[in-house]
Amino acid sequence: MTDATHHAADAIRSGGRVVVLTGAGISAESGIPTFRGKDGYWTVGSREYHPQEMATSAMFSQHPEQVWPWYLYRRGICSAADPNHGHQTLVALEDALADRFLLITQNVDGLHIRAGNSRERTYEIHGNLHRMRCATGCTTEQYPVPDDVHTPERNGALPDEDGARLRCPRCDEWARPHVLWFDECYDEAWYRFESSLNAAVEADVLIVVGTSGATNLPMKVGGIAAQRGAVIIDINPQDNPFSRMADQAPRGAAIQGTAGQALPPLVRTLVEAANA
Ligand code: NAD
Ligand code: ZN
């Protein structure tokens, strides 16, 4: 057990708050690819597009019928996947800590909620690909992606009947996936921007799992927690900005391992501390 685990347990015994920040890595062991592998790419016509090009409002406004199948294909993978041991262990941590627990996730797969973490304490800061909303913004309502929409083959097209289903129920314009696109900004209403920053200010312990630190809000959360002297623990098989942050934190540690290996023993110790 690392010294940082002891520091985190001490913080919990003194009534401290825990923020857990997760990225695509925690869902890798459920079989959901991260963006780095070839599965992230998508062919439109004869060209291969990167996620950074597909996942933009610019692409959607030009080719909604091309962007939707990419999301529906990924949604199919996420629907077929099950939460893994890493997700489940965070449910046990929330159960033990209640209001002293907060989960900030970059994942759009919905697996944390499916595992059993509460909606109130799970901030999906990049949205959720099982939901959609009006692309013109005529309403702030979110809607489930209809069950009868087909899951396309990889690089498949959107059937006309699905184009007719992926509409705003209020104004009948295109609905869009409820996800934050690369050419959009975080906000509070959709993505809990300020709430996430506030949680970082109040965190006594920050646990980061499976994120490469390529996005802005997670880096801010890490920066704030580090500045305020929180215990920082990073779990990732690879070096990343959070592992460096954790190594530099006086009471931090970078644990090199997968979520499935490294998270359960850490959480067991923290749950014991919460129940002590
Ligand atoms: P990312 O930037 O969060 O990087 C993935 C990280 O996970 C890497 O640092 C990798 O070393 C680590 N990792 C891999 N396997 C792991 C394991 N078993 N345990 C712990 N860590 C592991 O993710 P990305 O793929 O670059 O995606 C960027 C954005 O794209 C995300 O913020 C998200 O919004 C979206 N995305 C979401 C999902 C999902 O919802 N599951 C999947 C792909 C992409
Ligand atoms: Zn509308």
Looking at the chain as a GNM with Cα springs under 10 Å, which of T151, T139, T22 has the largest mean-square fluctuation? T139
I want to verify a result. In a Gaussian network model of the chain, Cα cutoff 10 Å, which of these has the top mean-square fluctuation: Y49, Y71, Y123? Y49
How high is the relative contact order of region 131-276, in percent, counting Cα pairs under 8 Å that sit 6 or more residues apart? 15 percent
State to the nearest 20 debye the size of the charge dipole of the chain about its Cα centre, where the only charges are +1 on K and R beta carbons and -1 on D and E beta carbons. 380 debye
Output the 0 to 90 degree angle, nearest 10, between the alpha-carbon long axis of helix 85-97 and the longest principal axis computed from the alpha carbons of the chain. 60 degrees
Quick one: accessible surface of D39, probe radius 1.4 Å, all protein chains present, in square angstrom to the nearest 10. 60 Å²
Roughly how many nanometres apart are two label points built 7 Å out from the Cα toward the Cβ at Q238 and R47? 2.6 nm
For the chain, which whole percent of the accessible surface, found with a 1.4 angstrom probe, sits on carbon and sulfur atoms? 47 percent
Amide H partners (placed H, <5 Å) of A175, local residues excluded: A135, R167, C168
The answer for the chain, accessible area per residue at 1.4 Å probe in Å², is 45 Å²
³J(HN,Hα), Karplus 6.51/-1.76/1.60, whole Hz, each residue of region 184-194, x for Gly, Pro: 10, 10, 4, 8, 7, 4, 8, 10, 6, 4, 5
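Over region 125-207, what is the mean sequence separation of C-alpha contacts under 8 Å (at least six apart), divided by residue count, expressed as relative contact order in percent? Before the final figure, lay out the partial values.
On the way: 92 pairs, mean separation 29.9, N = 83.
Computed over region 125-207, the figure is 36 percent.
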In the full protein assembly as shown, how much of D99 is accessible to a 1.4 Å probe, in Å² to the nearest 10? 110 Å²
Where in region 64-135 are there trypsin sites (Lys or Arg not before Pro) that are in a DSSP coil and have at most 12 other Cβ atoms within 10 angstrom of their Cβ? R119
Going through region 218-275, which trypsin sites (Lys or Arg not before Pro) have at most 14 other Cβ atoms within 10 Å and a DSSP loop state? R228
If the viscosity is 1.306 mPa s and the temperature 10 °C, what Stokes-Einstein diffusion coefficient in µm²/s follows for the chain when Rh is the Kirkwood radius over Cα pairs? 82 µm²/s
Tell me, what HN-Hα J-couplings in whole Hz come from the Karplus equation 6.51 cos²θ - 1.76 cosθ + 1.60 at θ = phi - 60° for each residue of region 204-214, using x for Gly and Pro? 9, 9, 10, 10, 10, 10, x, 10, 8, x, 8
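Can you compute the charge dipole magnitude of region 163-207 about its Cα centre, using +1 on each Lys and Arg Cβ and -1 on each Asp and Glu Cβ, nothing else charged? Give it in debye, rounded to the nearest 20. The partial results should precede the final answer.
Numbers: 5 positive and 9 negative charges, 87 e Å.
In total the dipole reaches around 420 debye.
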Please work out the Cα center distance from region 165-187 to region 83-106, rounded to the nearest Å. 28 Å
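Relative contact order (percent) for region 58-163, with alpha-carbon contacts under 8 angstrom and 6 or more residues of separation?
Numbers: 112 pairs, mean separation 32.6, N = 106.
For region 58-163, the relative contact order is 31 percent.
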For region 136-191, which chymotrypsin sites (Phe, Trp or Tyr not before Pro) pass both filters: DSSP loop (anything but H, G, I, E, B) and at most 16 other C-beta atoms within 10 Å? F182
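The values are calculated or read from the model by the stated rules, or taken from the named source; none is laboratory data. Predicted, not measured: the structure shown is a model, and the values here were computed from it. Here Cβ is always computed from backbone atoms with ideal geometry, including for glycine, and neighbour counts include all displayed protein chains. When the accessible area is computed, the model is the full protein with side chains, heavy atoms only, and any ligands, DNA or RNA have been set aside. Shrake-Rupley method; radii C 1.70, N 1.55, O 1.52, S 1.80 Å.
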